[in-house]
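Asks: Can you read through this structure? Questions will come right after.
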Amino acid sequence: MAGRVNRLSPFNVTALALGMAFLYLPIVILVIYSFNASRLVTVWGGWSLRWYQEFFNDRAMLDAAWMSLRVAAVSATIATLLGTLAAVGLVRGERFKGRSLFSGMLYAPLVMPEVISGLSLLLLFVALNAERGFWTVTIAHTTLTMCFVTVVVQSRLASLDRSLEEAAMDLGCDPVQAFLSVTLPLIIPAIAAGWMLAFTLSLDDVVIASFTTGPGSATLPIRIYSEVRLGVKPEINAICTMVIALIAVVIVIASLASKLSNSEAKSAAPL
Amino acid sequence: MSTRRIFAQPARYAAIAPYLWMVLFFLVPFGFVLKISLSQTAIAQPPYVPVFDFTEGWAAIKAAFAQLSLDNFKLLVSDNLYLSSYLRSLIVAVTSTLILLLIGYPIAYGMARLPQRWQAIAMMLVIVPFWTSFLIRIYAWINILQHDGLLNTVLLALHLVSSPVVWLSTDTAMYIGIVYSYLPFMILPLYATLSKMDPALLEAASDLGASPQQAFWLVTFPLSLPGVGAGALLCFIPIVGEFVIPDLLAGSSSMMIGQTLWLEFFTNKDWPVASAAAIALLALLVPPLLLYDRLQRRTLEGGR
């Protein structure tokens, strides 16, 4: 009887509860304090939105936030395109010359310390005499995040049943048509999840952006980082809360999309 | 001609664009790091003397090779600042990985024992913090750990301490930050191996007279070692090069290699030494990276 050896012990429950509390309490506290009326971060002065107002009156912060959103949207889009192509090449391309170099280049940035990626890209941009700013940060973020997109799409693509594509080809599709009309709709949720992961990673990065940006085009994390080094400011709590809310919306959309596609796949299965 | 073959052709072409992108923006930049790590520092913009100048033909390149200098690397080995930050990076990474294992294992183990439908929710709960901003999560801890922060308020209220404890700018704060940030990376691979384990093995152990503790140490733990290895490497490798967490939470008395690189680059404007530090850091990471790659391949092949 499985229950005898596999049931949850009080130890397991305690470990889980403490673990989840550890993961979530700091974020909850940060969100609560962003609504604190008091200037002293730790003294509770009642509920208030004044730090949000402060943010919307802070020109430099707003510019940085706008810059970050643009970089995140553009780099996530390019990264999704390139990452999906890379995943298709890796999963469906069988063997080609330089395949292991290709997969190595795609996996290395996942664990590469950001200081190295940032430094090396900056040296490239300096050598190319590229003007540093929006595009250099976007290219740098694309390079990092396309690797994450590749992994997400690759795992979905590898789990797909190839006989569907083969059936489409038996019915007269060429390989490209078969891919576009059969495979692509099935991997769309993974592609969407990849885009959202790329978007949030770009919105989060401070190290690579610090290396590759130019004067006058700081991203939101760079500004937050320089403020945080000077100490805690309630306005930062408000900004962080808004970023968390934005990411929460992204996650909800991503999980709804994957649920939707799962139920579609199930309803399509009997056909 | 099989269908697979027909597919392989266009799929290969799909790889061309990302391939070129990665060569241009990942591989080539490393060439620049290597090149600049071998050149001399200069007070100029950019602040180094280029070693290679391809416009002057082969003779110039040959002459340049003669000038290559290992001075920056000699500096790294001889200067105490670099050696100690190198060593500190290793110590911090090893210590944090051990703490992560101690904390992450019980959580992953508890997750694997949850009823099936709860497991998916628990997994989601572990992944979500990975999506929320890394910088924000560190900032959240500054809120808690500062002098008149929540932790000190609670400790004082409970009369556990008589005066506020200094948490910020200490190694304790840095370890809390690292463990907090990397916990999902440790839990997920551990959970992946633990949840795949066949419960029949534990039943067999208990039928043969093993106590739950014995069964854990003799059956569960040895079988989870691939997950332990994957989780440990997945945490160790990026922690070695960590910059933001030690910079915001630890004191400034000793630095990790990532901080030294940052300081050389942004404050001292010594690009050649920063590049040499990057190469040295990379060299430190190659063995664990290869180990991780091997482990992943073995797990993938074992899974088939």
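Asks: So which helices (runs of 4 or more DSSP H) stay within region B:93-160 end to end and still have 1 or more residues that are over 18 Å from the mean Cα position of the chain (by Cα) and surrounded by fewer than 17 Cβ atoms within 10 Å (Cβ to Cβ)?
Replies: B:116-131, B:150-157
Asks: Could you give me the residue pairs with C-beta distances under 9 Å whose first residue belongs to region B:148-170 and is basic (Lys, Arg), whose second residue is surrounded by fewer than 16 Cβ atoms within 10 Å (Cβ to Cβ) wherever it lies, and which are 6+ apart or on separate chains?
Replies: Nothing qualifies.
Asks: For region B:4-47, name all the residues that are facing another protein chain (nearest Cβ under 7 Å), at pLDDT 85 or above and open to solvent by 30 Å² or more (accessible area, probe 1.4 Å).
Replies: B:17, B:19, B:21, B:27, B:28, B:30, B:32
Asks: Could you pull out the residue among B:285, B:201, B:194 that is under 30 Å from residue B:85 (Cα atoms), in a helix (DSSP H, G or I) and touching a residue at least 12 places away in the same chain (Cβ under 8 Å)?
Replies: B:285
Asks: Under 7 Å between Cβ atoms, at least 6 apart or on separate chains: pull out the pairs that start in region B:208-220 with a residue that is open to solvent by 100 Å² or more (accessible area, probe 1.4 Å) and end on any residue that is of a type in the set (A, V, I, L, M, F, W, C) and part of a helix (DSSP H, G or I).
Replies: B:218/B:205
Asks: OK, next. Quickly run through region A:154-206 and pick out the residues that are touching a Pro at 6+ places or on another chain (Cβ under 6 Å) and open to solvent by 60 Å² or more (accessible area, probe 1.4 Å).
Replies: Across region A:154-206, the qualifying residue is only A:176.
Asks: Here is a follow-up. Could you go through region A:60-81 and let me know if any residue there is open to solvent by 10 Å² or more (accessible area, probe 1.4 Å), within 7 Å of another protein chain (Cβ to nearest Cβ), closer than 23 Å to residue A:159 by Cα and of a type in the set (A, V, I, L, M, F, W, C).
Replies: no
Asks: Residue A:246 is checked against (1) open to solvent by 60 Å² or more (accessible area, probe 1.4 Å); (2) within 12 Å of chain B (Cβ to nearest Cβ); (3) modelled with pLDDT under 85 and fails just one. What number does that condition carry?
Replies: Here residue A:246 meets the rest and fails (3).
Asks: Now a separate question. Do the conditions hold for residue B:90, that is, is it within 13 Å of residue B:178 (Cα to Cα), surrounded by fewer than 22 Cβ atoms within 10 Å (Cβ to Cβ), within 14 Å of chain A (Cβ to nearest Cβ) and touching a residue at least 40 places away in the same chain (Cβ under 8 Å)?
Replies: Here the answer is no, as residue B:90 does not meet what is asked.
Asks: Moving to a separate point now. So in region B:229-271, with the set limited to residues that are within 17 Å of the chain's Cα centre (by Cα) and not in a helix (DSSP H, G or I), which one is surrounded by the most Cβ atoms within 10 Å (Cβ to Cβ)?
Replies: So the residue we want is B:256.
Asks: Looking at the structure I just gave you, is residue B:168 open to solvent by 40 Å² or more (accessible area, probe 1.4 Å) and part of a helix (DSSP H, G or I)?
Replies: no
Asks: Any residue at all in region B:73-86 that is of a type in the set (S, T, N, Q) and either assigned to a loop (DSSP other than H, G, I, E, B) or at pLDDT below 60 (or both)?
Replies: no
Asks: Here is a follow-up. If we keep just the residues of region A:113-131 that are in contact with a helix residue (DSSP H, G or I) (Cβ under 8 Å, 6 or more places away or on another chain) and not in a helix (DSSP H, G or I), which is surrounded by the most Cβ atoms within 10 Å (Cβ to Cβ)?
Replies: Among them, the one singled out is A:113.
Asks: Consider only pairs whose beta carbons are under 7 Å apart and that are at least six residues apart or on different chains; among these, list those whose first residue lies in region A:243-256 and is more than 16 Å from residue B:133 (Cα to Cα) and whose second residue is open to solvent by less than 80 Å² (accessible area, probe 1.4 Å).
Replies: Partner pairs satisfying both residue conditions: A:254/A:192; A:254/A:193; A:254/A:196.
Asks: Contact list please: Cβ distance under 6 Å, first residue in region A:217-229 and not assigned by TED's automatic domain parsing to the domain that holds residue A:64, second residue part of a helix (DSSP H, G or I) and at pLDDT below 90, pairs at least six apart or on different chains.
Replies: Within 6 Å, no pair qualifies.
Asks: Residue B:210: hydrophobic (A, V, I, L, M, F, W, C) and not in a helix (DSSP H, G or I), yes or no?
Replies: yes
Asks: Hey, residue B:226 hits all of (1) open to solvent by 30 Å² or more (accessible area, probe 1.4 Å); (2) part of a helix (DSSP H, G or I); (3) touching a Leu at 6+ places or on another chain (Cβ under 7 Å); (4) closer than 28 Å to residue A:228 by Cβ but one; which does it fall short on?
Replies: Failed condition: (4).
Asks: Right, next: In this structure, is residue A:104 open to solvent by less than 40 Å² (accessible area, probe 1.4 Å) and modelled with pLDDT under 90?
Replies: So residue A:104 fits the description; yes.
The values are calculated or read from the model by the stated rules, or taken from the named source; none is laboratory data. Because the structure is predicted, anything quoted here is derived from the model rather than measured. Cβ atoms come from the backbone with ideal geometry, glycine included; neighbour counts cover every protein chain shown. In case anyone asks, the SASA skips ligands and DNA or RNA and just uses the protein heavy atoms, side chains included. Shrake-Rupley method; radii C 1.70, N 1.55, O 1.52, S 1.80 Å.
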